[in-house]
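Encoded as structure tokens, the structure appears first; notes follow it.
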Amino acid sequence: MQIITLPEETAIYYGALWNGIDTEIAGAGTLYTIGGLISNKPGCQAKSLDFSHLTLMPAMIDCHVHLAMPYKSSDSLAARINKILMAGVAAVREAGSRNETFFSDPRLLIANCCRAISKKGFYGSNLSKEVSSLPEALAEINRLASQGAQHLKLITSDIFSFSQYGKTGPLPFSQSELTAMTELAKKLGLAVMAHASGDEAVRRCIEAGVNSIEHGYFMLEETLPELIKHDIAWVPTLTPVAVHLSNPHLCSLLSPAEKNTISRSLERQIEMVGLGGALGIRIGAGTDAGGKGVPHGSSLVKEIELLRQAGLPNAQVLKAATSEAAKICAFANLGVIQPGYRALLLAVRGNPLIQPEILAQPEALLLN
Ligand SMILES: [Zn+2]
């Protein structure tokens, strides 16, 4: 795997191309870039790159990561970012850190929320600022926007219980509080990503008008069409739950009853993702990297594999990590190979629409 910084003007010869949207790949051709953007005509000083043995596609995007949290305590932030890039991921949406942090990196595109907002005494203190009242929450949202946050992360429920199937705990915010926070964020130009598990939490987020539901475990089937009606995306984060069953260390910490609860919860979520995907819900691939047992970078291919297990067609799964992910993360002109879009590209060996598993071993990430 190579990371290549594109020259100012390039002509890239490719063997095949997936544009981030279509259900089929196109045959061999030449892609031009000028000043980091895809162009429909060559620049006069274009340098050529020969990928005629490879397939070009948009670089991948992870819709939900925690850059501040190391998978291994020995991992530095630079090492985490490098692992993300080496996995073929060129952009991420941050989902909250304990300390006030706006991440930036010359190579990785990062949409920052800084700290999430949670209610004092409820879940989320490890990745958020805890607030005690609505005025305090609104002041924090104004402050985050003025500091340069690109979106707002709200913690609107606990995580689900590993010991009691379907239990998701008390809800921290009332409907009116959630609606007021979401309305202010939108007025300030911030999209809202809402951590929500349990049907009631998801319903309140829908009513408030958030832009994406993160996790959404134990959402009821009848709630799925509401996401479509209100054009709300879903980032189901299957990986952070699946790792509890596949990582030997995490598995050893669980009782047989807990393993059973986690396994049933994951199976239910996978089934709901299949139903939601078939209905046409906009689904994003988000790993929750940095969470317990979830490494940065390589986890996106794991999430892709789990979305396939849900029965989503391969094109829909790949879109969840490219063109749809770009929309969910509000990255303008990204995730699609079209003139005018940013030239953040991935070269892979084979056809990702037929064998998405080849994404585990990309050949080159092209950045600018
Ligand atoms: Zn998270």
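Taking other C-beta atoms within 10 angstrom as a stand-in for reagent exposure, Val92, Val65 fall in the order Val65, Val92, fewest first. Remark on the stretch 327-368: hydrodynamic radius 11.7 angstrom, per the Kirkwood mean of 1/r across alpha carbon pairs.
Shown here is the pair-distance distribution of the stretch 75-234: with all Cα-Cα distances grouped in 10 Å bins from zero up to the longest one, the shares run 11, 38, 34, 16, 1 percent.
Report the FRET efficiency, 1/(1 + (r/R0)^6), for Gln2 and Ser246, where r is their Cβ-Cβ distance and R0 is 22 Å, rounded to 0.05. If you can, show how the numbers build up before the last one.
Details: r = 29 Å, r/R0 = 1.33.
Calculated value: 0.15.
Every pair of different Cα atoms in the stretch 3-56 enters the Kirkwood calculation, which places the hydrodynamic radius at 11.5 Å. A DSSP coil position with no more than 15 other Cβ atoms inside 10 Å describes the following GluC sites (Glu not before Pro) in the stretch 1-100: Glu8, Glu24, Glu100. Considering only alpha-carbon pairs that sit under 8 angstrom and 6 or more positions apart, the relative contact order computed for the stretch 60-328 is 20 percent. For the stretch 26-125, the equivalent ellipsoid derived from the alpha-carbon gyration tensor has semi-axes of 37, 15, 13 Å in decreasing order. From its DSSP helices (H runs of at least four residues, each -39,500 (n - 2.57)), the chain gives a residue-normalised ellipticity at 222 nm of -9000 deg cm²/dmol. For the chain, the longest principal axis of the alpha carbon atoms and the long axis of helix 199-208 meet at an angle near 70°. For the stretch 286-368, the percent of C-alpha pairs falling in each 10 Å distance bin, counted from 0 to the bin holding the largest distance, reads 17, 47, 34, 3. Convex hull of alpha carbon positions in the stretch 236-284: directionally averaged projected area 3.3 nm². Label sites at Ser73 and Ser163, each approximated as a point 7 angstrom past Cα along Cα to Cβ, lie 2.6 nm apart. Using a Gaussian network model of the chain in which every pair of alpha carbons under 10 angstrom is joined by a spring, one finds that among Gln175, Gln355, Gln338 the greatest mean-square fluctuation is at Gln355. Taking Cα pairs under 8 Å and at least six residues apart, what relative contact order does the stretch 321-368 come out at, in percent? Relative CO of the stretch 321-368 lands at 28 percent.
A Cβ-based charge dipole, computed about the Cα centre of the chain with Lys and Arg at +1 and Asp and Glu at -1, lands at about 500 debye. Beyond 23 Å in Cα-Cα separation lie the following of the pairs Lys83/Lys259; Lys187/Lys319; Lys187/Lys229; Lys119/Lys327; Lys167/Lys327; Lys153/Lys187: Lys83/Lys259; Lys187/Lys319; Lys119/Lys327; Lys167/Lys327. Pairwise Cα distances in the stretch 60-328 exceed 33 Å in 13 percent of cases. Please name which of Ser197, Asn368, Ile213 has its Cα lying farthest along the dipole of the chain towards the positive end, using unit charges on Cβ (Lys, Arg +1; Asp, Glu -1) and the Cα centre as origin. Among Ser197, Asn368, Ile213, the one farthest towards the positive end of the dipole of the chain is Asn368. With the simple spin-label model, which puts each label point 7 Å out from Cα in the Cβ direction, the Thr101 to Asn126 separation comes to 1.4 nm. Its residue count N fixes a reference of 2.2 N^0.38 Å for the stretch 70-119, and the Cα radius of gyration divided by that reference is 1.19.
With Cα atoms defining each centre, the stretch 96-115 and the stretch 239-254 are spaced 27 Å apart in the structure. Approximating the spin labels as points 7 Å out from Cα along Cα→Cβ, the Cys44-to-Ser255 distance works out to 7.6 nm.
Against the chain, whose longest principal axis is taken from its Cα atoms, helix 256-279 shows a tilt of about 60°. Each Cα pair under 8 Å and six or more residues apart adds its separation to the average, and for the stretch 190-238 the resulting relative contact order is 39 percent. The C-alpha atoms of the chain define a longest principal axis, and helix 77-86 lies at about 50 degrees to it.
Since every read-out is calculated from the coordinates, none of them should be taken as a lab result. This structure is a prediction, so every number in the text was calculated from the model and none was measured. Neighbour counts run over all protein chains shown; Cβ positions are idealised from the backbone, glycine included.
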